[in-house]
1. Can you tell me how much longer the chain between ILE339 and TYR224 gets when fully stretched, taken as 0.36 nm per residue apart minus their C-alpha distance, in nm with one decimal?
2. At a 10 Å Cβ-Cβ cut-off, how would you order PHE28, PHE106, fewest neighbours first?
3. Highest mean first, what order results for 269-281, 115-127 on Cβ atoms within 10 Å?
4. Report the full-extension gain for the segment VAL248 to GLN196: residue separation times 0.36 nm, less the Cα-Cα distance, to one decimal in nm.
5. Calculated FRET efficiency, ILE27 and GLU48, Cβ-Cβ r, R0 25 Å, to nearest 0.05?
6. If I take R0 = 41 Å and measure r between the Cβ atoms of HIS38 and SER105 in this structure, what FRET efficiency does the formula 1/(1 + (r/R0)^6) give, to the nearest 0.05?
7. What FRET efficiency comes out for the pair ASP171/PHE305, r = Cβ-Cβ distance, R0 = 41 Å, nearest 0.05?
8. Whole angstrom only: what separates the Cα centroid of the range 30-71 from the Cα centroid of the range 98-134?
Amino acid sequence: MGLIINRALVREVLHTSVAVTLVILTIFLVVRMLGFLHAAAQGDIPVESVLVLVALKMVSYLDVILPLMLYIAILMVMGRWHRDNEMTVLSACGVGLGNFLKPLSFLVLLVAGLVAIFSFYLTPLSLTAGWSLETEYRNRSEISGVVPGVFMETRKGKGVYFVERFDKEADRYENVFVYQSSFGKEGVVVARYAYQRMDELTGDHFLVLKNGTRYEGNPGEPDYRILDYESYALRIEPRNQISAVAPVKARPTSEIRGSDHPQLVGEWHWRIAKVLVVPVLGLFALGFSYAGPRSGRVLNTLVAFLIYFVYTNSLGFSVALLKKDRMDPNTGLWWIHGIFLLLALFLFYRRAHNLSLVPRLRFRLGTG
């Protein structure tokens with residue numbers, strides 16, 4: 001019977017975890033997609049790179065999402081078992097809360113292993129790849145980010161590009177419109193098609209326009225000129241180069257392990273913390289999933305999420321202190337894990353023995 005119950009718990013928690021993960025990832029996908037689309041609309045990154053950058057960002061956040069996923073899934077499954085009186089029946093059959101530690105251990109080891117893989121290897125790798133791509137895209141010339149069918153303003157606000165379509169096979173822009181303002185004069189250049197070219201001697205980038213017309217001068221002034229051309233080269237202003245130094249979060253684990261630099265010490269403890277929170281949250285979830293016959297689940301759920309936010313924010317605050325060299329690196333974050341582990345064990349013990357969360361204090365009044 002115990003084996004059947006363990007399998008049922010593991011199966012339902014895993015199914016719920018997948019559903020919770022899909023919901024969280026969908027919200028994350030929408031938020032990050034809007035941010036990258038805004039950068040693409042400004043010409044900082046090409047549109048075709050948005051999905052790649054979003055995927056890399058998603059991978060880098062999975063080591064934080066997975067512990068929360070398990071926490072919510074256990075709360076939902078165990079809470080439903082309490083609500084449907086399944087736990088009452090199991091208790092009558094001699095199956096208490098302590099019997100769920102074995103399947104919980106399997107789930108914790110599974111999720112903790114995945115978190116460790118992401119935290120120590122995949123997350124730094126994805127952050128490095130994403131940072132390299134963003135740096136490369138943002139350091140390109142401003143014409144490289146032009147979106148067909150959209151008017152794009154240059155970074156200095158003195159020009160506008162418009163391209164009707166881009167022919168990938170011919171690698172050229174078609175029906176090009178360029179507006180520029182310089183030296184007190186306005187200029188408009190239109191062309192049937194254009195392509196980019198780099199001067200090998202100077203390294204400058206040019207937009208070569210073919211078969212078009214150039215309009216130069218201010219409207220209403222006598223020196224306004226109209227010039228038809230067969231080929232016209234327009235120099236593309238280079239962007240301010242962005243430093244390609246990867247952030248601390250993107251450093252490989254082999255580089256930060258054993259380092260005495262405060263920034264790297266803080267990052268090392270943070271990567272360990274993302275693994276250690278999994279078993280602690282699992283114990284909290286078992287305790288907070290209890291719902292008595294006369295008590296609702298709202299209060300327990302609110303307290304459960306409050307504990308989660310206090311726990312994770314305490315870790316984040318301590319990591320910031322470590323990176324600023326304001327905390328002993330030998331102590332690190334272990335004391336925070338210890339406090340919340342003791343609290344989780346206390347809560348689990350009280351729930352496993354059908355005791356109230358807060359012990360009742362009784363006072364005896366003496367009589368004279």
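1. Gain on stretching ILE339 to TYR224: 33.6 nm.
2. Fewest-to-most Cβ neighbours within 10 Å comes out as PHE106, PHE28.
3. 269-281, 115-127
4. Contour length minus the Cα-Cα distance gives 15.1 nm.
5. Efficiency computed from Cβ-Cβ geometry: 0.55.
6. 0.40
7. 0.20
8. 18
Any read-out appearing in this document is the output of simple, stated calculations on the displayed coordinates, not a laboratory observation. Since this is a predicted model, take the numbers as computed values, not measurements. Cβ atoms come from the backbone with ideal geometry, glycine included; neighbour counts cover every protein chain shown.
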